[in-house]
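S.K.: Dropping a structure here in structure tokens format, bear with me for questions.
Read the figures in this text as sums done on the coordinates, not as results from a lab. A quick note: this is a predicted structure, and the numbers were derived from the prediction, not measured. A quick note on method: Cβ atoms are made from the backbone with ideal geometry, for glycine too, and the neighbour counts reach across all protein chains shown.
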Amino acid sequence: MRKALEDEFKHVEFPVSGKMSLASDLPSGPGTTFETDHISVSAMELATKAGSDLDFPYEDIEDLLDDSIGALEDEGFFEEDDYME
């Protein structure tokens with residue numbers, strides 16, 4: 001999942017101040033989907049399920065990735081090994 005998030009977050013212009021500015025920078029806006037062989041999550045789902053755990057603003061992609069993965073993991077969204085795919 002980390003690679004899937006990274007592939008879409010690379011389009012984001014940093015720093016990013018909040019969910020709305022993040023969504024507007026994604027290729028398909030809030031409809032952007034992050035997919036692996038086992039998991040699919042839209043940007044809207046990420047914002048809904050994990051958004052309260054994200055600590056905006058983000059200065060770089062690595063911190064956004066770390067917090068996104070951590071938040072999804074905390075929400076029980078995927079198995080432990082899935083986030084590294």
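S.K.: Nearest 10 degrees, 0 to 90: what angle lies between the long axis of helix 61-74 and the longest principal axis of the chain (Cα atoms)?
M.R.: 40
S.K.: Mind listing the phi-derived Karplus ³J(HN,Hα) values for segment 8-19, rounded to whole Hz, using 6.51, -1.76 and 1.60 with θ = phi - 60°, and x for any glycine or proline?
M.R.: 8, 5, 5, 7, 7, 8, 9, x, 10, 8, x, 4
S.K.: Same structure again: If I model a spin label as a point 7 Å beyond the Cα along the Cα-Cβ vector, how far apart are those points for ALA47 and ASP74 in nm?
M.R.: 1.9
S.K.: Another one. Add -39500 (n - 2.57) for each DSSP H run of 4 or more in the chain, then divide by its residues: what number comes out at 222 nm, to the nearest 500 deg cm²/dmol?
M.R.: Computed mean residue ellipticity for the chain: -12500 deg cm²/dmol.
S.K.: How far, in nm, would the chain grow between SER24 and SER40 when pulled straight, counting 0.36 nm per residue and subtracting the alpha carbon separation? Write out the running numbers ahead of the final one.
M.R.: On the way: separation 16, 0.36 × 16 = 5.76 nm, distance 1.97 nm.
So the chain would gain 3.8 nm between SER24 and SER40.
S.K.: Another question, then. Using modelled amide H (1.01 Å from N, peptide plane; none on Pro or chain starts), what sits under 5 Å from the amide H of SER42, excluding residues fewer than 5 places away?
M.R.: Residues meeting the criterion, in which the H sits 1.01 Å from N, are PHE34.
S.K.: Continuing with this model, one more query. To the nearest 20 debye, what is the magnitude of the charge dipole of the chain about its Cα centre, counting +1 on the Cβ of each Lys and Arg and -1 on the Cβ of each Asp and Glu?
M.R.: Details: 5 positive and 24 negative charges, 101 e Å.
That gives a dipole near 480 debye.
S.K.: Give the share of C-alpha pairs in each 5 angstrom bin for segment 3-85, from 0 to the last occupied bin, in whole percents, shortest bins first.
M.R.: 3, 16, 30, 30, 16, 5, 0
S.K.: If you add up the charges near ASP55, with Lys and Arg at +1 and Asp and Glu at -1, over every other residue whose beta carbon is less than 9 angstrom from its beta carbon, what do you get?
M.R.: -3
S.K.: Another question about this same structure. What distance in nm separates the two pseudo spin-label positions at ASP60 and ASP7, each 7 Å out from Cα along the beta-carbon direction?
M.R.: Label at ASP60, label at ASP7, 2.4 nm between them.
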